[in-house]
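What follows is a set of notes on a single structure, which appears directly below.
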């Protein structure tokens with residue numbers, strides 16, 4: 001069977017499926033908990049959901065110190081660090097609209113690798129979201145900017161003297177799950193998971209049926225209790241979107 005185009009199929013996931021629908025689909029094809037990232041990796045703020053092909057970034061703890069700087073060098077801390085020989089790769093050349101940047105951190109300690117500046121830049125380049133098993137900093141601004149970041153924790157510190165970026169678009173582990181470039185990564189308030197691209201079509205077809213069935217059941221309860229209908233019980237829209245799969 002030909003491998004589906006990850007960018008085309010991820011669009012099908014993103015419109016009407018929840019992470020839980022997809023998790024049920026992964027159970028059905030025998031992948032189950034193998035594809036669930038650690039539950040500690042959470043959306044930084046409530047209200048967003050994304051699915052997209054993974055672009056991976058491998059970050060590791062460094063084994064050397066940042067040089068002590070003079071005052072006039074303060075704004076060049078990152079430049080000095082990279083010029084000193086610290087590992088650094090160009091993520092931007094790999095970004096495509098709709099991708100999800102997945103960051104493996106190799107057990108590094110508190111390091112705000114993602115923050116208000118680079119997260120916004122990555123989103124501006126078309127990324128659907130960012131997932132890291134590490135930390136995010138500047139979180140007031142990240143939330144205000146509505147940058148879709150899922151992380152393990154909130155940090156305060158910058159990169160120099162703490163981590164080096166040593167790989168891009170290679171197989172990584174993130175939150176205990178294998179992520180390969182082009183695998184479909186999903187995130188919502190329930191957490192993050194990865195859909196191996198070779199089972200993505202089957203998972204999509206199963207998850208679509210589960211999602212539509214759930215919408216129908218909850219729609220009946222909405223009507224029974226007099227609750228105003230909302231987008232989560234728009235059965236007709238979901239059935240139309242998944243018409244070829246139902």
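Bear in mind these aren't lab numbers, they're just calculated from the coordinates by the rules spelled out. Quantities reported herein were computed from a predicted structural model and do not represent experimental measurements. Quick reminder, even Gly has a Cβ in these numbers, built from the backbone with ideal geometry, and neighbours come from all protein chains shown.
Report the full-extension gain for the segment residue 73 to residue 245: residue separation times 0.36 nm, less the Cα-Cα distance, to one decimal in nm.
56.1 nm
In whole Å, what three semi-axes, largest first, describe the equivalent ellipsoid of region 32-195 built from its Cα gyration tensor (square root of 5 times each eigenvalue)?
Computed over region 32-195, the values are 26, 17, 15 Å.
Could you calculate the contour length gain from residue 121 to residue 221, that is, 0.36 nm times the residue separation minus the distance between their Cα atoms, to one decimal place in nm?
Once the chain is fully extended between residue 121 and residue 221, it gains 31.7 nm.
If you build a Gaussian network model of the chain, linking Cα atoms that sit under 10 Å apart, which residue out of 128, 40, 208 swings the most?
With Cα springs under 10 Å in the chain, the top fluctuation among 128, 40, 208 is at 40.
Given the options 13, 113, 48, state which has the largest fluctuation in a GNM of the chain using a 10 Å cut-off (strictly under) for Cα springs.
Maximum among the listed residues: 48.
Test of understanding: what is the full-extension gain from residue 231 to residue 156, defined as 0.36 nm times their sequence separation minus their Cα-Cα distance?
Taking 0.36 nm per residue and subtracting the Cα distance, the gain is 23.3 nm.
Between 28, 127, 119, where does the largest GNM mean-square fluctuation fall for the chain, given springs only between Cα atoms within less than 10 Å?
Looking only at 28, 127, 119, the biggest GNM fluctuation is shown by 28.
Once both labels are modelled 7 Å past Cα along the beta-carbon direction, what's the residue 82-residue 11 spacing in nm?
3.3
Given Cα pairs under 8 Å that are at least 6 residues apart, what percent is the relative contact order of the chain?
Computed over the chain, the figure is 30 percent.
Given the -39500 (n - 2.57) contribution per DSSP H run of 4+ residues, what per-residue ellipticity at 222 nm results for the chain, rounded to the nearest 500 deg cm²/dmol?
-9500 deg cm²/dmol
At R0 = 25 Å, how high is the FRET efficiency between residue 60 and residue 34 if r is their beta carbon distance? Nearest 0.05 is fine.
0.60
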